[in-house]
Amino acid sequence: MASSDKIPVACPASSGDGKEPMGDPTKTTTTILDKGTAMMQSMKPIRQMSVHVCSFACYSHDPGRHMEVHIYGHRVNQDFLQCAVYDSNSSKAHLIGIEYIVSEKLFESLSPEEQKLWHSHDYEIQIALLVTPRVPEVVAKPELKNLAKSYGKFWCTWQIDRGDRLPLGVPSLMVSPQDVNLGRIKPELVKKRDEEHGISTEALKPSRDGISGPEKKNLVADYWVRFRKGFALDVVETDMKRTAPFP
């Protein structure tokens, strides 16, 4: 059965550069219908997204694999963000996963088993891997300070860096960049991101002085750094729970 740390069975969707999903071009009539329904529907959940940050992520089962991510968040309350994760900020971006971000207070209320699935954000913010596109640092600083004390749980549903042209297999748990060998993001990826967005990670670093992480860094978060163990999902066949007999 499918596993998040195994290469999927060969098929047309698994052989490609991942830049263009499989499928025929959208018909003009479909585009017109989409625009019409978009004018009539509220799209309330999507319109609540007010946070956009760009950073990098690593696979829990293979932290040497890195990819650029764009995270669009809806602030549910002061302690909780729910986010859609894309591979770029273009109109053709691919939805590749979801991330939940909680404050240090909420994270500390979780069980140790649950905490193993979460990662910290302070390191990637302090060295300016995480940026706020088009928002000046002086404006973004309060939000960056809050995020530096937070923890995230990110499930990748589309391993687009592998070349998959459709979401294949089961979700993969992702981790944040860390100051250890495999967790240091490849310089060429950072350079490519900076050139695309007209920024300089190196130039931004001094502006991050004074940003600190959680008051008490939890030793269970970023589990792979301390214990050298990642997490992968396997799909297993199981008996269904039946509350009523099938007709």
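Packing-wise, with mean Cβ within 10 Å as the measure, how do 5-11, 75-81 rank, highest first? Before the final figure, lay out each step's value.
Working: 5-11: 12.4, 75-81: 14.4.
My ranking of the peptides, most packed first, is 75-81, 5-11.
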Please say if the range 104-235 is rounded, prolate or oblate, where rounded means a/c under 1.5 for a ≥ b ≥ c the square roots of the C-alpha gyration tensor eigenvalues, and otherwise the choice is prolate for a/b larger than b/c and oblate otherwise?
oblate
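Give a quick list of GluC sites (Glu not before Pro) in the range 169-247 that DSSP marks as loop, anything other than H, G, I, E or B, with at most 13 other Cβ atoms within 10 Å. Numbers along the way, then the final one.
Values: sites: Glu188, Glu195, Glu196, Glu202, Glu215, Glu237; in loops: Glu215, Glu237.
Qualifying residues, ordered by number: Glu215, Glu237.
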Within the chain: Cβ-based charge dipole about Cα centre, in debye rounded to nearest 20 (Lys, Arg +1; Asp, Glu -1)
300
Between rounded, prolate and oblate, where does the chain land on the alpha carbon gyration tensor, with a ≥ b ≥ c its root eigenvalues, rounded for a/c under 1.5, else prolate if a/b exceeds b/c?
rounded
Cα gyration tensor category, rounded, prolate or oblate, for the range 47-146 with a/c compared to 1.5
rounded
Give me the distance in nm between label points sitting 7 Å out from Cα along the Cα-to-Cβ direction at Leu95 and Ser212, one decimal.
4.0
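Could you estimate the translational diffusion coefficient of the range 9-96 from the Stokes-Einstein equation, with Rh from the Kirkwood formula over C-alpha pairs, at 37 °C and 0.692 mPa s, in whole µm²/s?
Numbers: Rh = 16.1 Å.
Diffusion coefficient, whole number: 204 µm²/s.
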Residue with peak Gaussian network fluctuation, the chain [Cα springs, cutoff 10 Å], from Leu147, Leu110, Leu204
Leu110
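Compute the convex hull volume of the Cα atoms of the range 104-144, divide it by the residue count, and report the result per residue in Å³ as a whole number. Present the calculation step by step, with values, prior to reporting the outcome.
Working: hull volume 3.5 nm³, N = 41.
Convex hull of Cα atoms, per residue: 86 Å³.
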Using 0.36 nm per residue of separation minus the Cα-Cα distance, give me the extension gain between Lys241 and His197 in nm, one decimal.
10.9 nm
Dipole of the range 119-160, Cα-centred, from +1 at each Lys and Arg C-beta and -1 at each Asp and Glu C-beta, to the nearest 20 debye?
100
If you build a Gaussian network model of the chain, linking Cα atoms that sit under 10 Å apart, which residue out of Val235, Val53, Val85 swings the most?
Val235
Hey, what's the chain come to in accessible area per residue, 1.4 Å probe, Å²?
60
Going 7 Å from the Cα of Asp234 along its beta-carbon direction, which residues of the range 45-75 have the amide nitrogen within less than 17 Å of the resulting point?
61-62
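With the full set of protein chains in place, find how many percent of the accessible area of the chain is carbon and sulfur; take the probe as 1.4 Å. Please report the intermediate quantities before stating the final value.
Numbers: 8510 of 14740 Å².
That fraction is 58 percent.
Looking at the range 79-155, which trypsin sites (Lys or Arg not before Pro) are in a loop (DSSP not H, G, I, E or B) and have at most 13 other Cβ atoms within 10 Å?
Values: sites: Lys92, Lys105, Lys116, Arg134, Lys145, Lys149, Lys153; in loops: Lys92, Lys116, Arg134, Lys149.
Sites meeting the loop and neighbour criteria: Lys92, Arg134.
The values are calculated or read from the model by the stated rules, or taken from the named source; none is laboratory data. Bear in mind the structure is a predicted one, so any value in this text is a computation, not a measurement. Here Cβ is always computed from backbone atoms with ideal geometry, including for glycine, and neighbour counts include all displayed protein chains. Only protein heavy atoms, including side chains, enter the accessible area calculation; ligands, DNA and RNA are left aside. Shrake-Rupley method; radii C 1.70, N 1.55, O 1.52, S 1.80 Å.
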